[in-house]
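Down below is the structure, laid out as structure tokens.
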Amino acid sequence: MPKAAINITVNGAARSVSVWPMARLLDVIREELGLTGTKEGCGEGECGACAILLDGRLTNSCLVPALQADGAAITTIEGIARGEKLAPIQQAFLECGGAQCGICTPGMIMAAVSLLAENAKPSEAEIRNALAGNLCRCTGYMRIFEAVSRASRPEGPQR
Amino acid sequence: MAESLIGVGVPRKEGRNKVTGKAQYIDDLHFEGMLYGVTVRSPAPRGRIKAIRFGKEIPWDEFTVVTAADIPGKNCIALIVDDQPCLAQSVVNHAEEPVLLLAHADKYLLEEARRAVEIEIEPLPAIFNIEDSLRGDLIIWGENNVFKQFRVSKGNVDAAWSEAALIVEGEYSTGAQEQLYIENNGMIAIAGPEQGVTVWGSMQCPYYIHKALKTVFGLPEEKIRVIQAETGGGFGGKEEYPSMIAAHAALLAWKAGKPVKLIYDRAEDMAATTKRHPSRTRHRTAVSRDGKLLAMEVDFVVDGGAYATLSSVVLSRGTIHAAGPYACPNVRILSRAVATNAPPHGAFRGFGAPQSIFALERHMDRAAAAVGLAPEEFRRRNFLRKGDTTATGQVIHEDVDMPGMLDQALRESDYHAKKERFARDNRGNAIKRGIGFASFFHGAGFTGSGERYLASIAGVEATSEGIVRVLASSTEIGQGTNTILTQIAAGTLGVPYESVEIVQPDTGNVPNSGPTVASRTCMVVGQLVESAALGLKETLAGAGLLKPSYTPEEFTRACAAYIAQHGPLRSYSQYQAPPGIFWDDEKYQGDAYGAFAWAVYVAEVNVDTLTCEARVTNFVAVQEVGRVVNPVLAAGQIEGGVAQGIGLALYENVVWQNGRMVNGQMTNYIIPTAVDIPPIKVVFEERPYAYGPMGAKGIGELPMDGPAPAIASAVENATGIRLNSVPATPETLMAALDNAYA
């Protein structure tokens, strides 16, 4: 099968890349688009380190064939801050100690962004469920829950 | 001013890069003309290599192929004992042992090539468990399969048995556990006879890799350079094995004349790299009528896998912790690390202590029951107090208060009321609730004379702009090295947090501050940084450039003036043992650690007697770790360690078949998720340690020790079954419940 040209809107910018149709979207993002903030932890959709938003939906990019993303809009961790200004969820991760080694952090933040887009004031149980597809080995999750909760509160970092 | 940064939860130094995705881990780096590398591994646990065949369908002339014959220096991964080859030459001693390396620019073709190599092995009989190894019918290592043996002796155990009101015996075991850092291992190397060898990678210990590469390439130390990339978790799993991967990447780069990137995928990382040592412990304990420990005899064995690697040191820490924070006049410990044909087991947070402490705490519950005391009362009567001696004869000089911490932990967890209520409510309920605790200590820094042998060095330098740069090989692996060393340097020098930079660990640029292990970074290296910073201040003061009290601006002007007059402004400090610390390697007696951290952990569980699942529903962690340098990071260490301990207790089960892990995927090797972790209440009792930086002690490993025995005790309290081993998976619990309720 030859390479195929696909068009993707990446963090708001139109991009066209030539890919093997069954290449993993994760590899296209990291290698073709040069966005290495999206990580690989397991390659089988268990750990969520490769999570992105695909047309607004939280998606493990290691499980998506590149061709399936043709015409889609994706958001990666690089698209979350506004220029040099951190998004509230990033600021909250920083302040609460939600990131330790940092390898799960991009995916974890994408899952939190997805949750907060659907549910501005999640309960702790809702936060736990929303992050259940993202594994973290460092934190025991407590400070990640706190970060998501802080980002969802008006008295938290400015929105 | 000087200490205003200590005890403050300043944000992580490199945190901004981590939350924006800008942090560069090894797999994020790309070098021009870079090839990819893979490892071809032994399919058999033990045997002779008869032939290596290359499938016809692959264009082999495009590949770089490396075997043992290509090694320029010595074919071994230098660590403690030179028994582990870099690449197996004629025999293999465990499944997944590296035999051959391949490199190619196309990683997809490379993967096909890896599968097209067939290694034919003539099988030899193999050993897969501790008991078979101890029996010695088959010898696979040395004269008796024993990598290392220790004997600890205090008082006269034999004389104590006859005085005992009770003698309590028990046997306990723990399984292998995968570190499961979310970033897999990986290295990139550039190498050649002219320029020497340079590697970048995910690692804990740059100078361990440096030593291993010197040996493999037979090069002088200045020809080897090791640079740490951002590292996505270690937990011990990136202590020793990265030396192997670095050597492999460098051998491929050496032969190819191009940079080579060697990144493991999850399956390879889980199957081939180290895990926590499985253990088996037997206890025999003499107790008086009034519940005092009279004698303890402990037989502690760990499964080291096929090569010696770090097993002797893991065993040492496990041995010293085997009698725990209890005062017992007569103690005898025999401990052994034995060989099996599993991939070598290695460092994992706690380093042998979680294994021996699990056994001890389970046994203390048994002994309490036997003598008719509540487990907390039995502990209370036997805790080490100031002035008492440990099993190795170390006199406790710290103001330790284990009874107070026990009371606090029981109060915080509402232990007594819950225990009563659960017992009442459990009747007739399919879901049984229970509560249990563990009390323990953990020594910080290298064991025994380890720190003296290491003789670590750290330094600070200042620029004309008043920027202070910390020079150490201690790595940031998520635990907070960058942040706490910055706090300590900035706090000591009275300059802002932002004025301190951490120099990237690079053996070409930083002194050897020792490995990033053993809960030593804050206490030992932090103290070196503190002392180097004091030295820098004295240099400026001695040159008449700095008054006793100064502003950051005055500090900057002093630095600029000093550098203009005298050149570079640097100060180094080398480890010196605190006064009164002595360890006898021969007798295995003395001051095992400069300081201990102390803790009592309480776990609450639900056990569903229909599905046989146990869940931890609440957790309280009370500990004393000296002064807390950064409360956010410190609590994060405890919570993360507790989560890993919950995994060890209930979920993480390495399934072995012929010495090979068969569930090496995140799909079937289960670590706790966001819905499996209970609320964790973390309480620090702060007692400054005189010889730690700003009073701090070690913290990283401590939280790994307590959860498993506390949870097992809670499961036992809930169900009445006897839980002597972990992990307590639903399968194990089902068998036990069937027995108990039959």
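A cut-off of 5 Å between modelled amide H atoms, ignoring neighbours fewer than 5 places along the same chain, links B:N653 with B:I670. Note: relative contact order over region B:56-181, using C-alpha pairs below 8 Å and six or more positions apart, is 16 percent. Legend: mean number of C-beta atoms from other chains within 10 angstrom of residue C-beta atoms, peptide B:632-643, equals 5. Please state the shape class of region B:225-286: rounded when a/c is under 1.5, otherwise prolate if a/b exceeds b/c and oblate if not, all from the C-alpha gyration tensor. Prolate, since a/c reaches 1.5 and a/b exceeds b/c.
Which links in B:K74/B:K587; B:K223/B:K275; B:K275/B:K418; B:K419/B:K697; A:K85/B:K261; B:K214/B:K238 stretch past 28 Å when you go from one Cα to the other? Result: B:K74/B:K587; B:K223/B:K275; B:K275/B:K418; B:K419/B:K697; A:K85/B:K261 exceed 28 Å.
Cβ crowding within 10 Å ranks B:D676, B:D106 as B:D106, B:D676, fewest other Cβ atoms first.
Helical content alone sets the calculated 222 nm signal of the protein assembly as shown at -8500 deg cm²/dmol, taking -39,500 (n - 2.57) per DSSP H segment of four or more residues and averaging over every residue.
This ranking places B:Y207, B:Y497 by how few other beta-carbon atoms lie within 10 Å of each, fewest first, which gives B:Y497, B:Y207. Annotation: the residues B:I563, B:I58, sorted from fewest to most other C-beta atoms within 10 Å of their own C-beta, follow the order B:I563, B:I58. Computed extension length for B:S464-B:R421: 8.8 nm, one decimal, from 0.36 nm per residue of separation with the Cα-Cα distance subtracted. Taking a ≥ b ≥ c as the square roots of the Cα gyration tensor eigenvalues, with a/c under 1.5 meaning rounded and otherwise prolate when a/b beats b/c, else oblate, which class fits chain B? Oblate.
Assuming a ≥ b ≥ c are the square roots of the Cα gyration tensor eigenvalues, decide whether the protein assembly as shown counts as rounded (a/c under 1.5), prolate (otherwise, with a/b larger than b/c) or oblate. Verdict is rounded for the protein assembly as shown. Put simply, the amide H of B:R687, placed in the peptide plane, has neighbours under 5 Å in B:V625, B:G626, B:R627, leaving out anything fewer than 5 places away on its chain. The mean sequence separation of alpha-carbon pairs under 8 Å and at least six residues apart, normalised by the residue count of region B:108-265, gives a relative contact order of 23 percent.
Mean partner shielding of peptide B:266-275, defined as the number of other chain Cβ atoms within 10 Å of each residue Cβ, is 1.
Can you give me the relative contact order of region B:21-92 as a percent, contacts being Cα pairs under 8 Å and 6 or more apart? Intermediate values should be presented prior to the final figure.
Working: 37 pairs, mean separation 25.1, N = 72.
Computed over region B:21-92, the figure is 35 percent.
Our note on the geometry: Cα centres of region B:542-581 and region B:176-228, 33 Å apart. Computed from backbone phi with θ = phi - 60° and the Karplus coefficients 6.51, -1.76 and 1.60, the 3J(HN,Hα) list for region B:354-359 is x, 5, 6, 6, 4, 4 Hz; x is used for glycine and proline. In this simple spin-label model, placing a label point 7 Å from the Cα along the Cα-to-Cβ direction at both B:A51 and B:L124 gives a separation of 2.1 nm.
Per residue of A:105-114, other chain Cβ atoms within 10 Å of the residue Cβ number 3 on average. Against the main long axis of the alpha-carbon atoms of chain A, helix A:105-118 sits at an angle near 80°.
Packing-based ranking of B:39-45, A:134-140, B:508-514, A:7-13 yields A:134-140, B:39-45, B:508-514, A:7-13, ordered from highest to lowest mean Cβ neighbour count within 10 Å. The 3J(HN,Hα) values that the Karplus relation (6.51, -1.76, 1.60; θ = phi - 60°) gives for region B:563-578 are, in residue order, 5, 4, 7, 10, x, x, 10, 9, 9, 10, 9, 10, 4, 10, 4, x Hz. Gly and Pro appear as x.
Coupling constants for region B:502-518 follow from the phi torsions by the Karplus curve (6.51 cos²θ - 1.76 cosθ + 1.60, θ = phi - 60°), and in residue order they are 9, 6, 4, x, 8, 4, x, 10, 10, x, 7, 8, x, x, 8, 7, 6 Hz; glycine and proline get x.
None of the figures in this text is laboratory data; all of them are computed from the coordinates on show. Everything numeric here is computed off the predicted structure, so don't read it as measured data. Methodologically, a virtual Cβ is constructed for each residue, glycine included, from the backbone with ideal geometry; neighbour enumeration extends over all protein chains shown.
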